[in-house]
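The values are calculated or read from the model by the stated rules, or taken from the named source; none is laboratory data. Model, not experiment: these values are computed from the prediction. Note: ideal-geometry Cβ built from the backbone for every residue, glycine included; neighbour counts use all protein chains shown.
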Amino acid sequence: MATFILPILIAFSVAAADAEVHYECMEKAPHRVVATVGITLCTAHPTEVGGITVEGALITTIQKGGVADREGLRPGDVTYKISDEPIKTAEVAAERLKGLRVEGDTVVNFFRNGRPYVVHLRRR
C-alpha cells in the first residue's frame, strides 16, 4: 500500500495571492458611457496595490453582449493604458474607446484585483 502526502501549503499561498482589491470612483466624478464598447466609466480614485499606485478609469457597468463583455472585461476593472497611451481619467478613456474600429484591435491594459491584464477590443 502506498502513502501519498499532498502539498497543502501551496493551496494556501495561491489563495493569499488572489486577495481582492476594491477600486472606487473619485468623489463627484462624472460617469462616461461608451456605447461602442458597452461600458460605463468613472475616474478611479488612486489606490496603492503592492507598492504601485493604480490610476485610470474604473469600469462601473458592462452591457451584456457588448464588446467589453465578449472580451471579458468586468465591473471593477481599472483601465490604465489604451493603445499604449496612459489613462488617468474616464474622459480620456472614453474618447480613446469611442474610436474603436472594425478593422483593427484596440489594446486595453487594465488592473483586476491588483494584477495587470491585457485585452484586445474590436467592433464586429
**Q.** Breaking point among (1) at pLDDT 80 or above; (2) within 14 Å of the chain's Cα centre (by Cα), for E27
**A.** (2)
Q.
I'm trying to understand the selection: among the residues of the range 73-124, which are among the β-branched types (V, I, T), in contact with a Ser or Thr (Cβ under 6 Å, 6 or more places away or on another chain) and closer than 18 Å to P46 by Cα?
A. I87, T89
Q: Output yes when any residue across the range 41-63 is in contact with a helix residue (DSSP H, G or I) (Cβ under 7 Å, 6 or more places away or on another chain), of a type in the set (A, V, I, L, M, F, W, C) and part of a loop (DSSP other than H, G, I, E, B), and no when none is.
A: no
Q. If a residue has to be over 12 Å from the mean Cα position of the chain (by Cα) and either modelled with pLDDT under 95 or more than 17 Å from C25 (Cβ to Cβ) (or both) to count, how many in the range 39-86 make the cut?
A. 19
